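The values are calculated or read from the model by the stated rules, or taken from the named source; none is laboratory data. What you see is a predicted model, and the numbers here were worked out from it, not measured in a lab. Reconstructed Cβ throughout: ideal geometry from the backbone, glycine too, with neighbour counts over all protein chains shown.
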Amino acid sequence: MRIFDVVVVGAGPAGSTAARHCALGGLKTLLLEKEPIPRSKPCAGGVTIAAARELDFELPESLIERRCTGMRVYLRKIEREVRMPSPVALMVTRSRFDAYLAQKAEEAGAELQDRTPCLGVSVENGGVSVLTDRETCRASIVIGSDGFFSGVRKSLQLRFDRDETRFCVLSDIPLSPGEIDRRFGDLVVIHYGYVSMGYAWIFPKGDYLSTGIGGALSKSRDLPDRLRSFLELHGLNSGVPIRGCFLPVSRWRHDIVHDRILLAGDAAGLVDSFSGEGIRFAIASGKHAAHTALEAHAQGDFSVKIMQQYQELCQRGIGRELQCSNRATDILFRHANLILGTAVRNEEALKRYLMTVRGDSSFSEFVGWLKKRMPRYLLRRFLLFQ
Ligand SMILES: Cc1cc2nc3c(=O)[nH]c(=O)nc-3n(C[C@H](O)[C@H](O)[C@H](O)COP(=O)(O)OP(=O)(O)OC[C@H]3O[C@@H](n4cnc5c(N)ncnc54)[C@H](O)[C@@H]3O)c2cc1C
């Protein structure tokens, strides 16, 4: 039986980051991935500058298909365009981006085993047994970074509640780079009002557009038709194959750490409920999980007390922001016409929001800023009959 210090389940951004940092710290690390790498991942592939800053290396130019500096926003009849002086997000194709992160984990010394689904984990006899279709191995700690359908999460009897689950439909639309430059350039399109608790998007890549709609689970049935009408509205081919997938937006009702098991990224539900951004929090939580694993090994202490450090690191670094976003999202979308509509009308507010996407300010700072100005914005809007 092979013995590791840490087994990381799932080689997405959370898992590859966790494995890289564990290996860099000298831990014998196994990174398990069920799919062959590169694997496809339904995602719009917007790596915010805040997310890129979480990495301890520069992304190679070959992975960056476009640098977006702003957005074109729609809500009913409102259309606004805002740009920042420097990029807010890097556009990537997830299969290639994730394969690169997995390669960085390997370069740091982690053993990457793809095409190997983890079939179960059990904490027993002072360690964790990890079952795959090839072997049972042992580890002192398991990091569950196996995404929305996380088997590691299920082994802890945890489920995402309905209000913690978003549904998305998406489609990649091939288009010539010249046509993309002409119609979208370095702007992402965000169209609110297409679905409750979410939006429709167009993210321009090198030679295709990532398009989709994501929102509340209750509205999922008619999303494919809505996506088609959205594509037609923007003059795009609507006869394209459409995929569906889920997104977890944790309400922090459950611990993300249990005896010798840490959940990271989507498996922990670490996605921003307003924007759907998850890559940044996957990378950040992967680093926190590795930090805790290193600390536990350094002290030779795998007690719940030391594992709880992970929960605290995530709560401090990510949780407060995501919880603030949860509360703000409820208000913004429940009163979409009044509150979101007023914010969207104001270039100043949109720019301030883009600063949070860049990581130049926090989401809670943005919310505090917006709260102060909302009465003035509302007054101006209604006095001018906008
Ligand atoms: C439609 C859509 C659009 C999105 N767009 C964006 C965006 O533009 N920007 C952004 O920041 N976020 C976006 N997100 C969110 C983002 O994709 C996720 O938050 C992010 O991928 C989470 O990373 P992760 O490593 O936790 O999980 P994942 O990337 O899902 O990786 C989990 C990995 O675990 C593997 N796995 C699963 N089960 C097992 C098993 N039993 N054994 C071994 N391996 C297993 C999977 O194959 C997968 O490779 C989007 C999400 C969706 C659904």
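When restricted to residues that are closer than 16 Å to GLY286 by Cβ, more than 9 Å from the ligand (Cβ to nearest atom) and not acidic (Asp, Glu), region 32-58 contains 5.
Do we find a residue being touching a His at 6+ places or on another chain (Cβ under 8 Å), at negative phi and crowded, with 17+ Cβ neighbours inside 10 Å anywhere in region 304-312? Yes, region 304-312 has at least one match. Here ASP98, ASP133 are screened, and the one residue that is crowded, with 19+ Cβ neighbours inside 10 Å, charged (D, E, K, R), within 14 Å of the ligand (Cβ to nearest atom) and not assigned by TED's automatic domain parsing to the domain that holds LEU209 is ASP98. So how many residues does region 92-131 have that are modelled with pLDDT under 95 and touching a Pro at 6+ places or on another chain (Cβ under 9 Å)? Result for region 92-131: 0. Just give me the residues in region 13-26 being in contact with a helix residue (DSSP H, G or I) (Cβ under 6 Å, 6 or more places away or on another chain) and either more than 10 Å from the ligand (Cβ to nearest atom) or of a type outside the set (A, V, I, L, M, F, W, C) (or both), in sequence order. If the condition is that a residue be in contact with a helix residue (DSSP H, G or I) (Cβ under 6 Å, 6 or more places away or on another chain) and either more than 10 Å from the ligand (Cβ to nearest atom) or of a type outside the set (A, V, I, L, M, F, W, C) (or both), then PRO13, SER16, THR17, ALA19, ARG20, HIS21, CYS22, GLY25 are the ones that fit. If I ask for residues that are touching a residue at least 40 places away in the same chain (Cβ under 8 Å) and loosely packed, with under 13 Cβ neighbours inside 10 Å, which ones from region 351-386 would you list? Scanning region 351-386 gives a single hit, GLN386. Condition check for PHE302 on (1) in a helix (DSSP H, G or I); (2) touching a residue at least 40 places away in the same chain (Cβ under 8 Å); (3) over 20 Å from GLY70 (Cβ atoms): one failure, at (1).
Say whether the condition of being touching a strand residue (DSSP E or B) at 6+ places or on another chain (Cβ under 8 Å), in contact (Cβ under 8 Å) with a residue 40 or more places away in the chain and surrounded by 19 or more Cβ atoms within 10 Å (Cβ to Cβ) is met by at least one residue in region 223-230. Taking every residue of region 223-230 in turn, at least one turns out to be touching a strand residue (DSSP E or B) at 6+ places or on another chain (Cβ under 8 Å), in contact (Cβ under 8 Å) with a residue 40 or more places away in the chain and surrounded by 19 or more Cβ atoms within 10 Å (Cβ to Cβ). Note on region 106-130: residues that are surrounded by 14 or more Cβ atoms within 10 Å (Cβ to Cβ), part of a strand (DSSP E or B) and of a type in the set (A, V, I, L, M) total 5. The criterion of at least 1 residues that are under 30 Å from VAL142 (Cα atoms) and more than 8 Å from the ligand (Cβ to nearest atom) is met, among strands (runs of 3 or more DSSP E) falling completely within region 207-279, by 243-248, 261-263.
In summary, helices (runs of 4 or more DSSP H) completely within region 324-386 and bearing 2 or more residues that are in contact with a Ser or Thr (Cβ under 9 Å, 6 or more places away or on another chain) occur at 347-358, 363-383. Among the criteria (1) away from the ligand (no atom under 16 Å from the Cβ); (2) among the acidic types (Asp, Glu); (3) not in a helix (DSSP H, G or I), the one GLU295 does not fulfil is (3). Does at least one position in region 177-192 carry a residue that is within 24 Å of THR17 (Cβ to Cβ), in a loop (DSSP other than H, G, I, E, B) and within 16 Å of the ligand (Cβ to nearest atom)? Checking region 177-192: not a single residue is within 24 Å of THR17 (Cβ to Cβ), in a loop (DSSP other than H, G, I, E, B) and within 16 Å of the ligand (Cβ to nearest atom).
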